[in-house]
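Asks: Quick one: the structure is below, questions incoming.
The values are calculated or read from the model by the stated rules, or taken from the named source; none is laboratory data. Predicted, not measured: the structure shown is a model, and the values here were computed from it. Neighbour counts are summed over all protein chains in view; Cβ atoms, including those assigned to glycine, are modelled from backbone coordinates with ideal geometry. When the accessible area is computed, the model is the full protein with side chains, heavy atoms only, and any ligands, DNA or RNA have been set aside. Shrake-Rupley method; radii C 1.70, N 1.55, O 1.52, S 1.80 Å.
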Amino acid sequence: ASPRQSPRARVAQIASFGVRLDLIHTLLSHEVPISFSSFSSRQAIEEAVEFIAGQEHYNIAIFVSKKFALDPSRIWESWGLGLLNLSEYAEARAKLERAVRSSGEGGCGVALRAVEVLEKGNMVSVSKIYDEAHKLTRERDSKAKGGWFGSSSTKQGARGAPKQAIFRNFSSSQIESEVYNECVYYIKRFAPAELLGFYFKHKQYQKACML
């Protein structure tokens, strides 16, 4: 400490040094490679938090953020998105809601990023299954009318089949996967203005028209 510092300032500096030392001990005990210089400035602390979160030590990253009055919302979000990739949907909801609360802003951005992660996963393709279901319906009708090729009237009848009925059964059954329902949850919860576009993107026209 500088000799010009007041006793109170020296005590505060020593206390700050002790806090950093305790943090380093905690991080090293969790096998997080970190040095004392990682806490030498606010920028260094922010970079250290990013590094810790990148190592998937999310709890520790949040703990350090709170120690230095940093916004932990990005860490909560990274944690939640990681859980989505692992199909841990209930845990992901809890973490992403914490991200929204911590940021103090609307959750539209968080919701859209969550949906993007989910859509890159194993979400059932609604339009693809609809096409397959309609194809099977045409083939079944053609066979019932006397062959795979049928007559022109048969084709016309298949073309005039109740597509909406097929679509309705399809969208209200198990075809809508858990992943799809998670997408709808995040949009309705945090970004309702984006719901119409989501329905059209996945050819859920009936639902879109009911908004």
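Asks: Starting from residues that are over 16 Å from Asn181 (Cα atoms) and acidic (Asp, Glu), keep the ones in segment 64-93 and report whichever is surrounded by the most Cβ atoms within 10 Å (Cβ to Cβ).
Replies: Glu77
Asks: Right, another one. What pairs come up if the first residue lies in segment 42-53 and is part of a helix (DSSP H, G or I) and crowded, with 20+ Cβ neighbours inside 10 Å, the second is among the hydroxyl-bearing types (Ser, Thr, Tyr) and modelled with pLDDT of 85 or more, and their beta carbons are under 7 Å apart, counting only those six or more places apart or on different chains?
Replies: Hits for this filter: Val49/Ser65; Ala53/Ser78.
Asks: Then there's this: Of the numbered conditions (1) touching a Pro at 6+ places or on another chain (Cβ under 8 Å); (2) open to solvent by less than 30 Å² (accessible area, probe 1.4 Å), Val100 fails exactly one; give the number of that condition.
Replies: Exception for Val100: condition (1).
Asks: All but one of (1) among the hydrophobic types (A, V, I, L, M, F, W, C); (2) modelled with pLDDT of 90 or more; (3) open to solvent by less than 70 Å² (accessible area, probe 1.4 Å); (4) in a helix (DSSP H, G or I) hold for Ile129; state the number of the condition that does not hold.
Replies: That leaves (2) as the condition not met.
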